[in-house]
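Asks: Input: one structure, supplied below.
The values are calculated or read from the model by the stated rules, or taken from the named source; none is laboratory data. Here the structure is a predicted model, which means the values were calculated and not measured.
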């Protein structure tokens, strides 16, 4: 009787472990070193980032030129 009672406890706990591991893992699989996407990859929202300027500091250069122009105007107006 004790042997069957022990087996009846092991089976539900084993099923719980297997089902939780299946539910908690992601849908991506790794086969042969490749990470394959999930089955719903076509339904995912894809973000689009348009290409930016080649020179990344265009706003800083603009601000510096504007500042220098303002400083020259202030110097010219003050008579220095």
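Asks: Mind listing just one residue for me: the one in the range 53-80 that is part of a loop (DSSP other than H, G, I, E, B) and within 32 Å of the chain's Cα centre (by Cα) and, of those, modelled with the highest pLDDT?
Replies: 57
Asks: Going through the range 22-52 one residue at a time, which ones are part of a loop (DSSP other than H, G, I, E, B) and at pLDDT below 75?
Replies: 25, 26, 27, 28, 38, 39
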